[in-house]
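Working notes, beginning with the structure itself.
The values are calculated or read from the model by the stated rules, or taken from the named source; none is laboratory data. This structure is a prediction, so every number in the text was calculated from the model and none was measured. So basically every Cβ, Gly included, is an ideal-geometry build from the backbone, and we count neighbours across all protein chains shown.
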Ligand SMILES: NC(=O)c1ccc[n+]([C@@H]2O[C@H](COP(=O)([O-])OP(=O)(O)OC[C@H]3O[C@@H](n4cnc5c(N)ncnc54)[C@H](OP(=O)(O)O)[C@@H]3O)[C@@H](O)[C@H]2O)c1
């Protein structure tokens, strides 16, 4: 019998870590969890909190050597991947023309290219009723001033996930794009690289446990998009019916207030 596994990228903190804890508590059909991230000490700490056996993959998902290693692990183990959760990612606030080029392009590599590589390598090991959860963001709904590349990468994740969900329906594999607003994780430690987030983001801040629980339930319900909180659902609808130019101006006014 092939081992039934869950794979989580970005498992060392925030949503990835919370997905691991949730899977351990609630997914009784899983034999093993593969935890992927660069900070090994965090993965070891998480492993000690989890009852299920864990495989720690302490690596940078942008490296070609990681892709090769992951490919070989899948081939050797030949697991039945029941759930792939792509959480690894980062964003950096600030004006595009004032940013370090490598940090900006790094967002494309981590949030888009690595996610695509891992998804592509994992799908051959997924069977009927397997699921993929890709963490996009409410930033995917429309362009974001001072978060230009990040919002664009998340639009990619949302668009890619939705199309993939339709393509994989014939195999009965289901993809959910998770689009939260601000969540209380370490995300903003990196994002606020000398630039303070807009004050209203604090007002809309969600708890990581709530976002993950909602995402898991939406994934089980085979929902294509998971949006936690009424305010983000409103933003999702507004971005479909209102001109983006108008919404960008409103966000600009809100950002300048209290600066
Ligand atoms: N928090 C928010 O407000 C928010 C809102 C919407 C969407 N999101 C998205 O949610 C996802 C999870 O973020 P989070 O909020 O949980 O933030 P977080 O606590 O900073 O977690 C990010 C995770 O990604 C991993 N990671 C980043 N780059 C990596 C790389 N090159 N290789 C391997 N692992 C890497 C980090 O692990 P290591 O550093 O140990 O490698 C960490 O485990 C991200 O895609 C983020 O864009 C966040």
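In region 11-25, the qualifying residues are those that are near the ligand (Cβ under 6 Å from one of its atoms) and assigned to a helix (DSSP H, G or I), and the one that is farthest from residue 219 (Cα to Cα) is 14. When region 34-61 is limited to residues that are within 14 Å of the ligand (Cβ to nearest atom) and surrounded by fewer than 16 Cβ atoms within 10 Å (Cβ to Cβ), the one that is nearest to residue 127 (Cα to Cα) turns out to be 60. Residues that are surrounded by 24 or more Cβ atoms within 10 Å (Cβ to Cβ) and either more than 22 Å from residue 188 (Cβ to Cβ) or modelled with pLDDT under 95 (or both) within region 6-33 comprise 6, 7, 33, listed in sequence order.
A quick yes/no check of all residues on (1) part of a loop (DSSP other than H, G, I, E, B); (2) modelled with pLDDT under 90; (3) surrounded by fewer than 16 Cβ atoms within 10 Å (Cβ to Cβ); (4) on the phi < 0 side of the Ramachandran plot:
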{"site": "197", "(1), (2), (3), (4)": "yes, yes, no, yes"}
{"site": "202", "(1), (2), (3), (4)": "no, yes, yes, yes"}
{"site": "211", "(1), (2), (3), (4)": "no, no, no, yes"}
{"site": "217", "(1), (2), (3), (4)": "no, no, yes, yes"}
{"site": "223", "(1), (2), (3), (4)": "yes, no, no, yes"}
{"site": "235", "(1), (2), (3), (4)": "no, no, no, yes"}
{"site": "240", "(1), (2), (3), (4)": "no, no, yes, yes"}
{"site": "245", "(1), (2), (3), (4)": "no, no, yes, yes"}
{"site": "249", "(1), (2), (3), (4)": "no, yes, yes, yes"}
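Taking the conditions (1) over 30 Å from residue 6 (Cβ atoms); (2) in contact with a helix residue (DSSP H, G or I) (Cβ under 8 Å, 6 or more places away or on another chain) in turn, residue 158 satisfies each one other than (1).
Take the conditions (1) closer than 24 Å to residue 171 by Cβ; (2) more than 15 Å from the ligand (Cβ to nearest atom); (3) touching a residue at least 12 places away in the same chain (Cβ under 8 Å); residue 70 misses just one of them, which is (2).
Residue 193 passes every criterion in (1) surrounded by 21 or more Cβ atoms within 10 Å (Cβ to Cβ); (2) within 15 Å of the ligand (Cβ to nearest atom) apart from (1).
Of the set (1) farther than 24 Å from residue 210 by Cβ; (2) near the ligand (Cβ under 10 Å from one of its atoms); (3) in contact with a helix residue (DSSP H, G or I) (Cβ under 6 Å, 6 or more places away or on another chain), all apply to residue 87 but (1). The condition of being more than 22 Å from residue 252 (Cα to Cα) and either surrounded by fewer than 21 Cβ atoms within 10 Å (Cβ to Cβ) or within 13 Å of the ligand (Cβ to nearest atom) (or both) holds for only one of 145, 178, that being 178. Does residue 161 meet the test of being closer than 24 Å to residue 104 by Cβ, assigned to a helix (DSSP H, G or I), within 16 Å of the ligand (Cβ to nearest atom) and in contact with a strand residue (DSSP E or B) (Cβ under 9 Å, 6 or more places away or on another chain)? The answer is yes for residue 161. Number of residues in region 156-175 that are surrounded by 20 or more Cβ atoms within 10 Å (Cβ to Cβ) and closer than 16 Å to residue 142 by Cα: the value is 2. Considering only residues in region 110-125 that are within 13 Å of the ligand (Cβ to nearest atom) and over 19 Å from residue 187 (Cβ atoms), the one that is surrounded by the most Cβ atoms within 10 Å (Cβ to Cβ) turns out to be 118.
All of 69, 128, 75 fail the test of being loosely packed, with under 15 Cβ neighbours inside 10 Å, over 17 Å from the mean Cα position of the chain (by Cα) and either under 22 Å from residue 28 (Cβ atoms) or modelled with pLDDT under 95 (or both), apart from 128.
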